[in-house]
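The values are calculated or read from the model by the stated rules, or taken from the named source; none is laboratory data. Computed from a predicted structure; not experimentally measured. FYI the Cβ positions are ideal-geometry reconstructions off the backbone, even for glycines, and counts take in every protein chain you see.
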Amino acid sequence: MKVSARNVFKGKVREFRPGAVNSEVIIELAGGETLVAVVTMESVDNLKLVPGADAVALIKAPWVMLMTESSDIRLSARNCLTGKVVSVTEGAVNAEVTLELAGGTKVYSIITRDAVQELGLAPGLSATAVIKASHIILGVPA
């Protein structure tokens with residue numbers, strides 16, 4: 001599968017919580033981290049998202065927000081993944097920041113150069129990737 005999304009995470013469905021229209025699907029990544037995605041009940045059925053099933057989570061890099069000094073902040077975003085900055089590649093307006101989570105998974109974010117400077121993002125710094133559950137697209141192997 002070739003996709004333009006910068007973040008492609010392979011994992012397994014750990015559980016899902018059905019609702020009337022949408023469900024929360026919890027995906028466990030190889031490093032033990034989890035992602036929570038919100039998808040329609042129709043998608044759960046069509047993709048056969050049952051516990052133990054293989055799944056792929058796709059997240060475009062601009063949908064990944066970054067924050068530092070997050071220990072005393074509570075957010076409505078379901079996915080807050082803390083890791084270390086491994087690289088910052090600056091462009092004319094934006095920058096790509098790569099975080100590595102404890103389990104080895106890399107998360108890519110596209111943010112403004114101003115945000116990089118304001119947050120002091122540099123290799124070795126701890127940062128948290130914030131991803132809304134509705135920004136995760138799920139797929140399954142064919």
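Any residue in the stretch 59-68 that is closer than 22 Å to Met1 by Cα, at pLDDT 95 or above and part of a strand (DSSP E or B)?
Yes, the stretch 59-68 has at least one match.
May I ask you to verify whether Val93 is at pLDDT 95 or above and either closer than 16 Å to Ala30 by Cα or of a type in the set (Val, Ile, Thr) (or both)?
It is false that Val93 is at pLDDT 95 or above and either closer than 16 Å to Ala30 by Cα or of a type in the set (Val, Ile, Thr) (or both).
Among the numbered conditions (1) under 20 Å from Gly11 (Cβ atoms); (2) surrounded by 17 or more Cβ atoms within 10 Å (Cβ to Cβ), tell me where Met65 comes up short.
Going through the list (1) under 20 Å from Gly11 (Cβ atoms); (2) surrounded by 17 or more Cβ atoms within 10 Å (Cβ to Cβ), Met65 breaks only (1).
In the stretch 92-109, which residues are hydrophobic (A, V, I, L, M, F, W, C), buried (at least 18 other Cβ atoms within 10 Å of the Cβ) and more than 14 Å from Ala127 (Cα to Cα)?
Within the stretch 92-109, Ala95 is the sole residue that qualifies.
Of all residues being among the β-branched types (Val, Ile, Thr) and either touching a Lys or Arg at 6+ places or on another chain (Cβ under 7 Å) or part of a strand (DSSP E or B) (or both) in the stretch 107-139, which is farthest from Asn22 (Cα to Cα)? Just the residue, please.
Result: Thr112.
Within the group Asn79, Asn46, Asn7, which residue is within 14 Å of Gly139 (Cβ to Cβ) and crowded, with 16+ Cβ neighbours inside 10 Å?
Asn7
Out of all the residues in the stretch 84-104, is one or more touching a helix residue (DSSP H, G or I) at 6+ places or on another chain (Cβ under 6 Å) and within 26 Å of Thr40 (Cβ to Cβ)?
No, because not a single residue in the stretch 84-104 is touching a helix residue (DSSP H, G or I) at 6+ places or on another chain (Cβ under 6 Å) and within 26 Å of Thr40 (Cβ to Cβ).
Taking interchain pairs and intrachain pairs at least six residues apart, which have beta carbon atoms under 9 angstrom, with the first residue in the stretch 80-109 and more than 20 Å from Gly32 (Cβ to Cβ) and the second assigned to a loop (DSSP other than H, G, I, E, B) and among the basic types (Lys, Arg)?
These pairs meet every condition: Glu96/Arg6; Ser109/Arg6.
If you check Lys84 against the conditions, is it under 13 Å from Asn7 (Cβ atoms) and either polar (S, T, N, Q) or outside the structural domain of Glu15 (by TED's automatic domain parsing) (or both)?
Against the criterion (under 13 Å from Asn7 (Cβ atoms) and either polar (S, T, N, Q) or outside the structural domain of Glu15 (by TED's automatic domain parsing) (or both)), Lys84 does not qualify.
Filter the stretch 25-42 down to the residues that are within 16 Å of Ala77 (Cβ to Cβ) and surrounded by fewer than 16 Cβ atoms within 10 Å (Cβ to Cβ) and list them by number.
Thr34
Give Gly104, Gly52, Gly11 a once-over and let me know the one that is under 15 Å from the mean Cα position of the chain (by Cα) and assigned to a loop (DSSP other than H, G, I, E, B).
Checking each option against the conditions leaves just Gly104.
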